[in-house]
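Heads up: the structure comes next, in structure tokens.
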Amino acid sequence: MGPPTACLLAQPEGARRDTITIALTEPVNPADAPVPANRAERLVFAQLYEPLVRTNCRGVLEPALGVSWSPQDGGPGWMVTLPADAHFADGAPVTAAEVVAGWRERGGTDVAGAATPLGATAVAPIAQAATALGDRRIAVALPAAAAHDSGPAGLGGLGFAATRAGRGAWPVGTGPYVIDSIDAGRAPERQLVARPIEADSALPVLRFILALGADPRDLLDAGADVLLTDDPAVLAYAASRAALETVALPWDRTYVLVAHAGSPAAAPFTPETRAGLARDAVRIEARAADSDSAALACTPSGAHSKAPVSAASPRAPRILYARGDTVARDLAARLVALGRAGPDARAVGVEPDALARAVREGSAAGAVLSLPHRPETLCSAAAAWAPPDFSVEPLIDVRAHAVIRRGTPMPTVDADGTLRWTAAGVPPDSDVATP
């Protein structure tokens, strides 16, 4: 396991805590692991699984499961080395071949989860180009969109974690925590208990309360130590409570419009239009997405290219969104009101599987999708959904806030808004994160 990041949300206060209670207002499904479909899953999975690398809140690439990397000769690839003593939570050794095999199996599944269209599908092109060299080294020829001179940042998502099948519902990972088999999230407990793998660890036990449909303010009143939210009413309530502090996390989701090249929806967006969508179309904190984002800069070798608007067979005058995603719903409704899908158009919510199928088949004028705000994977995420004759227009970026009870051991935060609990205490040279 890599060293703890210096990006602490705040300096710790009070005595060491044995247990932290974390309230979750979205579902957590072991079948999704290790690829999260929402923020709640990302919070849980990040404690159990490790990608090869991480990008911390300062934008610096850090080791995670991989301890070192070096560029490959002759292409945009990297050689990543695993530690000699790498092992899963159940004690089994981690081998390069097992890591690559897990990626390929994961990449062969279909897109799942409205909140993470990247899902496992975008792992596939990288997984197919990965090779295990002995037990400890993995050679990866990254697509151009995921390649960086400073290191293999494209391997930083949880889709590139090492996992193996366990005896229960949860895949076994290499993170510092494991789900307690007694409290596996089954009714009536509706909780998950994550315990440190090391018996003498200074890490606290993490008690996740699955409170779907509950008012987050009631959860805070009931003593929850940590809550992730983007609800303005909850944030205002937390600001009024002296026992709570609120920290804005890094921007973690980018909403894009995927539109057929022959549709009015594919017309370019101006910066003013994006700013208006961020200001007026949604009810949570948002900002205009960068018009020069990776989704527009990708080349065919990077998995997607922006197609020009051209004459084509007409699509149904609908802009689709994943049912249950209120931000996508509000954006789709505003785009329809702006005439982006032509006359008599409608915004229509569909189930995630139907949304993926409609986008791939080109049966609608366009769709609003939520993608991870990661420049090195945004292109691959879009390509996982959109056929080559579709354009991808970034619309807005959004983020959550962490509400934390004072005196709670503080987590670290990565560049994508992932919270992780590392060893208690703050190294002398640590910084306070200001995302």
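The values are calculated or read from the model by the stated rules, or taken from the named source; none is laboratory data. Since the model is a prediction, treat every value here as computed from it, not as a measurement. Heads up, the Cβs are rebuilt from the backbone with ideal geometry, glycines too, and the neighbour counts pull from every protein chain shown. In case anyone asks, the SASA skips ligands and DNA or RNA and just uses the protein heavy atoms, side chains included. Shrake-Rupley method; radii C 1.70, N 1.55, O 1.52, S 1.80 Å.
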Restricting attention to the stretch 84-103, which residues are out of contact with any Asp or Glu (no Cβ under 7 Å at 6 or more places or on another chain) and assigned to a helix (DSSP H, G or I)? A97, E98, V99, V100, A101, G102, W103
Taking the stretch 241-272 and the residues there that are touching a residue at least 40 places away in the same chain (Cβ under 8 Å) and of a type in the set (V, I, T), the one that is surrounded by the most Cβ atoms within 10 Å (Cβ to Cβ) would be V256
On the given criteria, is P300 modelled with pLDDT under 90 and within 16 Å of A364 (Cβ to Cβ)? no
Only one residue in A423, A402, A367 is modelled with pLDDT under 85, of a type in the set (G, A, S) and under 26 Å from P36 (Cβ atoms). Which one? A423
When the residues of the stretch 339-375 are filtered to those that are open to solvent by 50 Å² or more (accessible area, probe 1.4 Å), touching a residue at least 12 places away in the same chain (Cβ under 8 Å) and not acidic (D, E), which remaining residue is nearest to D252 (Cα to Cα)? H373
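Looking at the stretch 53-77 only, could you name the residues that are among the aromatic types (F, W, Y) and touching a helix residue (DSSP H, G or I) at 6+ places or on another chain (Cβ under 8 Å)?
Once the filter is applied, which keeps residues that are among the aromatic types (F, W, Y) and touching a helix residue (DSSP H, G or I) at 6+ places or on another chain (Cβ under 8 Å), the stretch 53-77 yields nothing.
Within the stretch 378-399, take every residue that is among the charged types (D, E, K, R) and open to solvent by less than 10 Å² (accessible area, probe 1.4 Å) and give me the one that is modelled with the highest pLDDT.
D397
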Being modelled with pLDDT under 95, open to solvent by 20 Å² or more (accessible area, probe 1.4 Å) and either within 24 Å of V100 (Cβ to Cβ) or under 20 Å from the mean Cα position of the chain (by Cα) (or both), is that true of even one residue in the stretch 180-196? no
From the set of residues in the stretch 68-83 that are under 19 Å from L142 (Cβ atoms) and not in a strand (DSSP E or B), which is most open to solvent (accessible area, probe 1.4 Å)? D73
Every pair of residues 6+ apart whose Cβ atoms lie under 6 Å, when the first sits in the stretch 54-74 and is farther than 23 Å from L8 by Cβ while the second is not hydrophobic (A, V, I, L, M, F, W, C): S68/T81; W69/G151; W69/P152
